[in-house]
Amino acid sequence: MKNLSILLLCAGLLQACTLNLPDSVADTGYENKIPVIEFDKYSVYFDYNNDGFVNKGETVGLQVWLKNTGTRAAKGVEALFSINSPYVSNFTPGTGIDYGDIAIGETVMAYFYVNYSTIQFTVSSSTPEGTQIPISISIVDESDNTWTSSFNVAIQ
Ligand SMILES: [Ca+2]
């Protein structure tokens, strides 16, 4: 609560606040800042009928963006995507995808295939409409920071 009050004061009095920060805030150095990498968004890069949606029976390619929501840049980010659904087959790649460096607040898309998609899979023609396909992401950087994130793809 004390820190919140200080932050509110700082909105208009940045200079004065810098001089009066309590130790708990003033001592927050670079070593205490961490990158946090998580799923940001995806888009359908290619699908069989070109409607931009993932339909049952289609083989699709998705582009996936990751974002650094932390307080420090991440170096050498690699993401391994996995899927566990009875309606999905031919999920690739089974290896990590190099996202490179991700600055604070930056959103980055990486692709694995020549066709510029990040991941690719086939949806069974027996998939019920409205099924949510869960995709997990295991993320690591060169400093051995690890994160897990996930998102759902709706089958139209
Ligand atoms: Ca489609």
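Tabulated values for the structure
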item	result
Net charge, Lys67 excluded, C-beta distance under 15 Å - Lys, Arg +1, Asp, Glu -1	-3
Residues of type aspartates and glutamates that Lys41 reaches as a straight line, Cα spacing below 19 Å, ignoring anything fewer than 8 places off in the same chain	Asp51, Glu78, Asp98, Asp101, Glu106
When the convex hull of its Cα atoms is projected in every direction, mean area for segment 35-154 (nm²)	6.9 nm²
Packing-based order for 121-129, 76-84, using average beta carbon neighbours within 10 Å, highest first	76-84, 121-129
Span from the segment 81-156 Cα centroid across to the segment 36-51 one, whole angstrom	9 Å
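Throughout, read-outs are computed from the coordinates displayed, never taken from laboratory work. Computed from a predicted model, the values in this text were never measured in an experiment. Here Cβ is always computed from backbone atoms with ideal geometry, including for glycine, and neighbour counts include all displayed protein chains.
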